[in-house]
Amino acid sequence: MVNWFQPPLQTKVEYRKGDTIIAVPGKSGTTWTMNIFHQLKTGGDPDFKDIYAEVPWSEFKEGPDQPDEELLERWKKMPADVPRAFKTHSQPGPEGTPLPEMGCFANYREDLKYIVVMRNPEEAIVSFKPFIESHNPKAFEYWGEPEMREKFLKPTFQAFFDECVLPGFPNMPPEIVPPGGLLTMLFFGFVNGWWPLRNKPNVLFLHFSEMKADHEGSVRKIAEHLGFEPTEEQWPKILEYTSFAWMKENQAKFEVGTLMPFPFILPGGMVRKGAHGKAAEDGMSPEIQAVIKDWAEKMVPDEAARKWLFEGGALPP
């Protein structure tokens, strides 16, 4: 496990009534959704420096010696009269509350708002390899684990899948890796945790494929869910600044560039392709797809949840 990723941290956050939780698995549209929130909140802001300074990631430590209290106090001091949002890759437990022994650290509350986005795990996991490779080597050195990065670097996606995905993160004790490895840790556990909450009035489910197919419609749906009412003059700016083209042109704003002594992600690593249906270009094969589908059937018992995770579409009642 990479040590800057600390899911239990979010259980200590003092959330306020009306806060938004942006819950998305890795490489499934997290940064995009964070930017959508920021642009809706501001009415269109092209001048921000770092999206991670605007929308905190409540599972992220900025340094190996950073006390939790430093982050908790910083987030507590965010203006009370301005909407806040927090990013998480986590899911709640069966009762909607954290259940750490199951790897569930998110919390459902009726007085919070939730944007839950998922993506076909075949597309997300194949995007995970170049994303990991784009992490700044200085980050691994900063955390005292330069050898960890080398363990992620594999010549092909097949090798990455066999040696990093199915066995879990490098250095993880085998006894704590769930069946299916990262597939379960990142995607299958996530949908199992959030699926029972899909029809709650304060929870909005979106599929990455839907967001790609209808950018404007998805942004407007998020605005309505969160109660943002941009003016007609603001809407063109919001849509421009949340477009893939604008984010690609301004990718330094999305690479965690101000929270550490160096950019956390190398140039081009966070906003890469933003494509739907292009997994084969990054090494996805029919054989790997079959393995992923097999693990999904084993680890996601609800057939409707499993189908929606891969395909999106209308949510069942």
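The values are calculated or read from the model by the stated rules, or taken from the named source; none is laboratory data. Worth saying up front: this structure is predicted, and the values here are computed from it rather than measured. Using ideal geometry, Cβ is built from the backbone for each residue, glycine included, and neighbour counts are taken over all protein chains shown. SASA here: full protein model, heavy atoms, side chains in, ligands and nucleic acids out. Shrake-Rupley method; radii C 1.70, N 1.55, O 1.52, S 1.80 Å.
Observations
- Any pair with Cβ under 9 angstrom, 6 or more apart, that starts in the range 16-28 at a residue that is modelled with pLDDT of 95 or more and ends at one that is part of a loop (DSSP other than H, G, I, E, B) and among the aromatic types (F, W, Y): I21/Y15; I21/Y108
- Counted residues, the range 100-111 - those being over 25 Å from I222 (Cβ atoms) and either assigned to a helix (DSSP H, G or I) or open to solvent by 50 Å² or more (accessible area, probe 1.4 Å) (or both): 3
- Condition check for Y114: in contact with a strand residue (DSSP E or B) (Cβ under 8 Å, 6 or more places away or on another chain), among the hydroxyl-bearing types (S, T, Y) and buried (at least 18 other Cβ atoms within 10 Å of the Cβ): yes
- Within the range 78-95, the set of residues being part of a loop (DSSP other than H, G, I, E, B) and either among the hydroxyl-bearing types (S, T, Y) or within 18 Å of E59 (Cα to Cα) (or both) comprises M78, R84, H89, S90, Q91, P92, G93.
- Candidate set from the range 127-184 (those that are hydrophobic (A, V, I, L, M, F, W, C), within 26 Å of P267 (Cα to Cα) and in a loop (DSSP other than H, G, I, E, B)); member that is least open to solvent (accessible area, probe 1.4 Å): F169
- Per-region count, the range 62-77, residues assigned to a loop (DSSP other than H, G, I, E, B) and in contact with an Asp or Glu (Cβ under 8 Å, 6 or more places away or on another chain): 0
- Checked against (1) within 16 Å of the chain's Cα centre (by Cα); (2) more than 20 Å from S218 (Cβ to Cβ); (3) not small (G, A, S), V55 meets all criteria but (2).
- Residue that is crowded, with 21+ Cβ neighbours inside 10 Å and either touching a helix residue (DSSP H, G or I) at 6+ places or on another chain (Cβ under 8 Å) or free of Cβ contacts under 8 Å to residues at least 60 places away in the same chain (or both), where the choices are Q39, Q10: Q39
- In the range 298-314, of all residues being small (G, A, S) and either part of a helix (DSSP H, G or I) or touching a Ser or Thr at 6+ places or on another chain (Cβ under 7 Å) (or both), the one that is farthest from F160 (Cα to Cα) corresponds to A304.
Residues are listed down the side, and each one gets a yes or a no for (1) closer than 25 Å to A304 by Cβ; (2) out of contact with any helix residue (DSSP H, G or I) (no Cβ under 6 Å at 6 or more places or on another chain); (3) of a type in the set (D, E); (4) in contact (Cβ under 8 Å) with a residue 60 or more places away in the chain:
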| site | (1), (2), (3), (4) |
| --- | --- |
| D111 | no, yes, yes, yes |
| R119 | yes, no, no, yes |
| P130 | no, yes, no, yes |
| H135 | no, yes, no, yes |
| P146 | no, no, no, no |
| A159 | no, yes, no, no |
| P174 | no, yes, no, no |
| P178 | yes, no, no, yes |
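- The residues listed here are L204, L182, L153; of these, the one that is touching a residue at least 60 places away in the same chain (Cβ under 8 Å) and of a type in the set (A, V, I, L, M) is L204.
- Within the range 252-269, the set of residues being under 19 Å from T42 (Cβ atoms) and free of Cβ contacts under 8 Å to residues at least 40 places away in the same chain comprises A252 only.
- Any hit, the range 179-190, residues being within 20 Å of T88 (Cα to Cα), in contact with a strand residue (DSSP E or B) (Cβ under 6 Å, 6 or more places away or on another chain), modelled with pLDDT of 95 or more and of a type in the set (A, V, I, L, M): no
- Note on the range 245-297: residues that are modelled with pLDDT under 95, part of a helix (DSSP H, G or I), touching a helix residue (DSSP H, G or I) at 6+ places or on another chain (Cβ under 8 Å) and open to solvent by 20 Å² or more (accessible area, probe 1.4 Å) total 1.
- P173 passes every criterion in (1) at pLDDT 95 or above; (2) over 19 Å from A106 (Cβ atoms); (3) out of contact with any Lys or Arg (no Cβ under 9 Å at 6 or more places or on another chain) apart from (1).
- Residue within the range 219-228 that is open to solvent by less than 70 Å² (accessible area, probe 1.4 Å) and within 28 Å of M284 (Cα to Cα) present: no
- Residues that are open to solvent by 30 Å² or more (accessible area, probe 1.4 Å) and farther than 29 Å from C164 by Cα occur in the range 18-33; there is at least one.
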